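Below is one structure, written out as structure tokens, with a few remarks after it.
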Amino acid sequence: MTGLIQIYEPGETPLPHADAQAVGIDLGTTHSVVAIASNGIAEAMHDAEGYAIIPSVVHYGEAYNTVGADARAALAEGESNVVGSIKRQMGNPGYRVEAQGRSLTAVQVSGDILKHLRRIAEEALGRPVTRAVITVPAYFDDAARNATKAAAAEAGIDVLRLINEPTAAALAYGLQTQAQGVYAIYDFGGGTFDISILNLEGGIFQVLSTAGDTQLGGDDIDAAIASYVLNELGMNAADLTDRERNKLHALARLKKEKLSEEADITMRWKGGEVALTKQLIERVSVPFIKRTLLSCDQALADAGLTPGTIGGVVLVGGSTRMPLVKKMVAEFFGSKPLDEHDPDLVVAYGAAVQAEALTQGANTLLLDVTPLSLGLETYGGIVEKIIYRNSPIPAAVAQEFTTYQDGQTAMKIHVLQGEREKAVDCRTLAEFELRGIPPMVAGAARINVTFSLDADGLLTVGAQELLTGIAQQVVITPASGLEFEDVERMVTEGNENARSDIIERLLIEARVEAGRAISDVEAAIKASGALLKPGEDVMIAAQIATLQKAIGGDNRDRIDHEAKQLNALVGPFAERRMNASISQALSGKNVDDVN
Amino acid sequence: MQNFFDILGLSPDFALDEKALEKAYFGAQRKTHPDLAIGKPEAERVEAFLKSQLVNEAYETLKNPLSRAEHMLALQNIFVNTEGQKNVAPVLLMEIMELRERLEEAALSGVQLNTVLSEMKVIATESKQTIANAFTFKNYKAAADETARFAYLIKAIEEAHMLIYRLKAAHA
């Protein structure tokens with residue numbers, strides 16, 4: 001991206017309409033960048049020392065904080081009161097880090113990094129900066145996205161839009177090259193991997209699908225090299241101190257980068273020497289790169305595409321500098337990867353371009369998707385998905401539920417995010433109760449639950465009982481203590497366990513449903529036995545006994561069959577009762593009082 | 001009942017041209033997307049959200065041939081039950097069971113799985129054509145029956161993809 005990187009000196013204001021324009025911020029795990037765009041071309045802003053790539057490290061001093069290169073140096077020296085890699089904790093409400101006797105949240109630390117970035121931008125532009133587009137990993141869940149917004153608020157920044165990192169990269173790349181067609185953005189960073197498939201057409205950037213692995217990055221390759229070296233020297237990783245381990249990993253990383261250019265190299269560690277060849281590093285790296293291609297497979301399948309249909313693959317993230325990564329990606333997609341841009345800056349450029357589009361107007365329009373499915377817990381701890389992953393946003397989906405017990409006046413709404421079938425395997429976003437449902441027989445109440453997902457990927461859930469109009473609504477805020485890495489794990493596990501999950505789910509569902517049917521029928525007979533016709537009670541009782549026997553077994557079909565028989569038997573009685581119930585509910589009386 | 005063709009300004013047609021649908025969708029989002037309402041009063045932003053999500057729903061529904069068929073039938077007040085196994089024609093039931101058995105056998109060897117998958121895709125394409133023909137002749141009963149069959153085929157194809165993905169994951 002030569003010609004794109006034009007750096008401002010502090011105090012310089014080269015853009016027209018600059019007073020209103022928002023900046024773009026790539027708030028990264030290891031480093032951050034702030035940039036501004038003009039006519040779709042973005043430029044990074046430098047700090048006073050001349051750095052555009054700002055390490056995302058904060059050194060909490062007694063008098064003031066420092067952010068960036070100095071703080072990272074302090075971290076490498078093992079000094080205390082230094083915080084790095086805070087992004088991994090975003091959305092984890094239980095996380096606290098001690099610095100200068102203070103207990104800090106991830107939002108506070110990220111807020112301090114953003115304050116620093118804001119200052120860099122203000123000095124470069126010579127004006128106040130209060131609005132920004134901030135990038136987040138595609139796999140950031142709801143809690144982590146909210147935490148990012150909260151951090152921006154702490155730094156006095158109004159977030160115009162959160163955009164996904166691979167999407168931002170596509171935006172910068174697409175605008176610079178005027179590319180059209182379907183592109184893959186392969187984003188392999190130090191700690192995470194993201195793949196997005198986009199359709200670029202006449203200024204529209206349509207995300208078709210996204211997938212990733214938040215526990216897979218270049219750091220894993222460094223660690224693998226380090227353990228090879230230790231093994232060769234007959235040393236044990238467990239004997240290393242934390243500082244030694246950091247140093248060894250940093251050394252392994254340096255050697256890995258050098259081997260991109262040289263054939264073989266020697267690594268010295270604690271008086272020992274180990275010869276490292278290019279082939280050896282590649283052999284160590286292959287399994288990790290293969291895992292990234294597995295995510296590529298999934299993203300392609302979700303987009304309904306095959307590798308051959310991709311027009312080009314844009315490489316993003318420092319780990320894509322490895323020649324082997326380029327080679328394997330080229331083989332997988334059957335085309336030469338596009339790597340003529342700076343993989344460390346392209347995300348911030350995309351954010352800046354979007355910031356310009358949102359504040360100055362532009363032909364560019366971004367159509368993004370939600371990376372994870374959203375749903376509700378239903379009976380038996382099963383998740384009913386309301387919005388599926390890779391659905392375009394904004395989205396609003398309404399679904400009707402009903403009560404499952406006679407006289408039930410409240411309903412628990414448990415909102416979940418993830419791909420697994422059981423609620424315990426997904427992430428809880430919120431839990432609330434809809435109260436004041438008029439007492440009716442099971443199945444008569446109509447509860448309308450709506451999921452609204454805005455263009456930032458943030459969720460609002462509402463529930464309303466349709467007969468009475470009683471409503472409740474929650475805006476989802478950070479709730480549970482999981483790390484965002486768990487999100488990707490949930491997707492992967494969701495795929496791997498899908499089959500056994502489904503079989504188990506079906507059996508559980510069948511049992512729960514049948515058990516519920518029995519208790520419903522028994523309760524109904526107890527409450528409104530007067531509505532039974534002669535002989536009905538005997539036949540129903542016999543069928544209940546048969547069904548109970550089926551529930552005791554593992555044969556789902558049999559349970560379903562016997563439950564259906566019961567339903568058929570009870571049908572006419574239930575209808576008589578339902579009619580009586582609704583007319584009573586509307587006149588304000590309880591059905592069971594009048595029978 | 002919302003007519004999703006109307007929302008995108010298209011005439012109802014099962015044999016929808018994908019490029020035409022995409023063009024209509026992009027055009028509609030260029031008018032409604034919430035990004036265009038940033039900085040505007042709350043009422044306008046809410047309206048942008050509501051319209052834009054409806055455009056998304058219309059596009060998603062029409063893009064997928066199965067939901068497109070279901071929607072076109074729903075517009076005729078015909079509701080195809082594609083979930084659960086109620087009232088499945090015995091012939092269809094047999095076909096589905098056979099497919100399932102073949103899938104399960106093929107799951108033991110990855111190569112065969114790919115073969116079964118491509119065969120199923122051929123059958124699904126034919127089924128889609130049958131649905132298109134039925135709609136052309138306004139034979140909604142036939143369209144509904146074939147849509148029910150198509151739903152099972154799509155489900156089986158998804159299952160095959162899942163099995164292939166899991167095999168690859170196990171080897172990675």
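Read-outs throughout are calculated quantities, based only on the coordinates presented, and are distinct from any laboratory measurement. What you see is a predicted model, and the numbers here were worked out from it, not measured in a lab. When we count neighbours, we look across all protein chains shown, and the Cβ atoms used for this are built from the backbone with ideal geometry, even at glycine.
One quarter of the convex hull surface, Cα atoms only: what value does that give for segment A:179-260 in nm²? Before the final figure, lay out each step's value.
Working: hull surface 29.4 nm².
That works out to 7.4 nm², a quarter of the Cα hull's surface.
Which parts of segment A:174-188 would a label at residue A:260 reach, counting a residue when its backbone N lies under 18 Å from a point 7 Å out along Cα-to-Cβ?
Label zone hits: A:186-188.
What's the magnitude of the charge dipole for segment B:4-63 around its Cα centre, counting Lys and Arg as +1 and Asp and Glu as -1 at the beta-carbon? Answer in Debye, nearest 20. Mind dumping the intermediate values first?
Details: 8 positive and 11 negative charges, 43 e Å.
Once rounded to the nearest 20, the dipole reads 200 debye.
From the residues B:133, B:43, B:10, which one has its Cα farthest along the dipole of the protein assembly as shown in the positive direction, the dipole being from +1 and -1 charges on Cβ of Lys/Arg and Asp/Glu about the Cα centre?
B:133
May I have the convex hull volume per residue, in Å³, for the Cα set of segment A:504-555?
Once divided by residue count, the hull of segment A:504-555 is 66 Å³.
Rounded to a whole number of µm²/s, how large is the Stokes-Einstein D of segment B:90-171 at 20 °C and 1.002 mPa s, given Rh as the Kirkwood radius over C-alpha pairs? Intermediate results must be reported in sequence, preceding the final value.
Details: Rh = 13.5 Å.
Answer, rounded: 159 µm²/s.
So for segment A:293-351, Kirkwood radius off the Cα pairs, Stokes-Einstein at 37 °C and 0.692 mPa s: how many µm² s⁻¹?
Numbers: Rh = 12.2 Å.
Answer from the Stokes-Einstein relation: 268 µm²/s.
How much FRET efficiency would the formula 1/(1 + (r/R0)^6) give for residue A:506 and residue A:327, where r is the Cβ-Cβ distance and R0 is 45 Å, rounded to 0.05?
Values: r = 44 Å, r/R0 = 0.98.
The formula returns an efficiency of 0.55 here.
Quick check on the exposure proxy: order A:289, B:154, A:559, B:78 from fewest to most C-beta atoms within 10 angstrom. Intermediate values should be presented prior to the final figure.
Working: A:289 21, B:154 18, A:559 24, B:78 14.
Ascending number of Cβ neighbours within 10 Å: B:78, B:154, A:289, A:559.
Relative to the longest principal axis of the C-alpha atoms of chain B, give the angle of the C-alpha long axis of helix B:65-74, reported between 0 and 90° and rounded to the nearest 10°.
70 degrees
Apply the a/c threshold of 1.5 to the C-alpha gyration tensor of segment A:91-156 and tell me whether it is rounded, prolate or oblate. Walk me through the numbers on the way to the answer.
Details: a/c = 2.91, a/b = 1.34, b/c = 2.17.
The shape class here is oblate.
At a threshold of 8 angstrom on Cα-Cα distance, excluding pairs fewer than six apart, so keeping six or more, what relative contact order does chain A reach in percent?
14 percent
If one computes the Cα centroid of segment A:249-266 and of segment A:398-469, what distance in Å separates the two points?
One Cα centre to the other: 55 Å.
Go from 0 up to the bin containing the longest alpha carbon distance in chain A, width 10 Å each, and give me the % of pairs per bin.
The distribution over chain A is 3, 15, 22, 22, 15, 10, 8, 4, 1, 0, given as percents.
Averaged across B:49-60, how many Cβ atoms of other chains sit within 10 Å of each residue's Cβ atom?
On the way: counts 8, 3, 1, 8, 10, 3, 3, 9, 5, 0, 3, 5.
Mean shielding count: 5.
So how do A:346-358, A:448-460, A:247-259 stack up, highest first, on mean other-Cβ count within 10 Å? Walk me through the numbers before you get to the answer.
Details: A:346-358: 30.3, A:448-460: 20.4, A:247-259: 17.9.
Answer by packing, highest mean first, reads A:346-358, A:448-460, A:247-259.
If you average the alpha carbon positions of segment A:148-195 and of segment A:88-103, how far apart do those two centres end up, in angstrom?
One Cα centre to the other: 25 Å.
For segment A:128-233, count all C-alpha to C-alpha pairs, find those more than 16 Å apart, and express that count as a whole percent of the total.
Details: 3682 of 5565 pairs.
The calculated P(r) of segment A:128-233 puts 66 percent of pairs beyond 16 Å.
Would you please give the FRET efficiency between residue A:309 and residue B:155, computed as 1/(1 + (r/R0)^6) with r the Cβ-Cβ distance and R0 = 35 Å, to the nearest 0.05?
Numbers: r = 24 Å, r/R0 = 0.68.
About 0.90, to the nearest 0.05.
Helix check for chain A. Which DSSP H runs span at least 27 Å along their own axis by Cα, with a mean Kyte-Doolittle hydropathy no less than 0.0?
Qualifying helices, which must be both long enough and hydrophobic enough, are A:106-125, A:278-303, A:498-528.
So if each residue of separation counts as 0.36 nm, and I subtract the Cα-Cα distance between residue A:468 and residue A:340, what length gain in nm does that give? Mind dumping the intermediate values first?
Values: separation 128, 0.36 × 128 = 46.08 nm, distance 6.14 nm.
Residue separation times 0.36 nm, minus the Cα-Cα distance, leaves 39.9 nm.
Neighbouring Cβ atoms within 10 Å as the yardstick, rank A:379, A:186, B:140 fewest first.
Working: A:379 13, A:186 32, B:140 17.
In increasing order of surrounding Cβ atoms, one gets A:379, B:140, A:186.
Which of the three applies to chain B, rounded, prolate or oblate, going by the alpha-carbon gyration tensor with a ≥ b ≥ c and a/c under 1.5 meaning rounded?
Working: a/c = 2.59, a/b = 1.56, b/c = 1.67.
Taking the square roots of the gyration eigenvalues as a ≥ b ≥ c, chain B is oblate.
In the protein assembly as shown, if the dipole is taken from +1 on Lys/Arg beta carbons and -1 on Asp/Glu beta carbons about the Cα centre, which of B:1, A:183, A:116 is farthest to the positive end?
Toward the positive end, the furthest listed residue is B:1.
Give the peptides B:17-27, B:31-41 in descending order of average Cβ contacts within 10 Å, highest first. Intermediate values should be presented prior to the final figure.
On the way: B:17-27: 15.3, B:31-41: 16.9.
Ranked by mean Cβ neighbours within 10 Å, highest first: B:31-41, B:17-27.
Taking the Cα centre of the protein assembly as shown as origin and charging only Cβ (+1 Lys, Arg; -1 Asp, Glu), how large is the dipole, in debye to the nearest 20? Each step should come with its number before you reach the end.
Details: 72 positive and 103 negative charges, 182 e Å.
With only Lys, Arg, Asp and Glu charged at Cβ, the dipole is about 880 debye.
With runs of 4+ DSSP H residues as the only contributors, calculate the mean residue ellipticity of the protein assembly as shown at 222 nm using -39,500 (n - 2.57) per run, divided by the residue total and rounded to the nearest 500. The partial results should precede the final answer.
On the way: 21 runs with 360 residues, N = 767.
My calculation for the protein assembly as shown gives -16000 deg cm²/dmol from helical runs alone.
In peptide A:391-399, how many Cβ atoms from other protein chains are near each Cβ within 10 Å, on average?
Values: counts 3, 10, 5, 12, 7, 7, 2, 0, 0.
Per residue, the number of nearby Cβ atoms from other chains is 5 on average.
In nm, to one decimal, how far is the modelled label at residue A:546 from the one at residue A:100, with both set 7 Å along Cα→Cβ?
With each label placed 7 Å out from Cα toward Cβ, I get 7.7 nm.
Using a 7 Å offset from the Cα along the Cα-to-Cβ direction at both residue A:523 and residue B:20, what is the distance between the two label points in nm, to one decimal?
Distance between the two pseudo-spin positions: 5.3 nm.
With 10 angstrom as the radius, rank A:411, B:94, A:45 by how many other C-beta atoms surround their C-beta, starting from the fewest.
Values: A:411 20, B:94 11, A:45 26.
Fewest-to-most ranking of A:411, B:94, A:45: B:94, A:411, A:45.
Using a 10 Å cut-off around each Cβ of peptide A:201-209, what is the average number of partner chain Cβ atoms that fall inside?
Numbers: counts 4, 3, 2, 7, 0, 5, 0, 0, 0.
If you average over the peptide's residues, the count of other-chain Cβ atoms is 2.
Filter the cross-link list A:412/B:40; A:385/A:526; A:422/A:564; B:23/B:168; A:255/A:327; A:327/B:23 down to pairs whose alpha-carbon distance in this structure exceeds 31 Å. Display every interim value, and only then the final one.
Details: A:412/B:40 36 Å; A:385/A:526 35 Å; A:422/A:564 25 Å; B:23/B:168 36 Å; A:255/A:327 19 Å; A:327/B:23 35 Å.
With Cα atoms farther than 31 Å apart: A:412/B:40; A:385/A:526; B:23/B:168; A:327/B:23.
Taking Cα centroids, how far is segment A:510-573 from segment B:1-68 in Å?
Centre-to-centre distance over Cα atoms comes out at 45 Å.
Points 7 angstrom from Cα along the Cβ direction at residue A:409 and residue A:450: gap in nanometres?
Taking the two extended label points, one gets 2.7 nm.
Which of the peptides A:193-199, B:67-73 is most tightly packed, and how do the rest follow, judged by the mean count of other Cβ atoms within 10 Å per residue? Spell out each step's value before the answer.
On the way: A:193-199: 27.7, B:67-73: 21.6.
Answer by packing, highest mean first, reads A:193-199, B:67-73.
Residue farthest toward the positive end of the dipole of segment B:90-171, with Cβ of Lys/Arg at +1 and Asp/Glu at -1: which of B:111, B:160, B:91?
B:160
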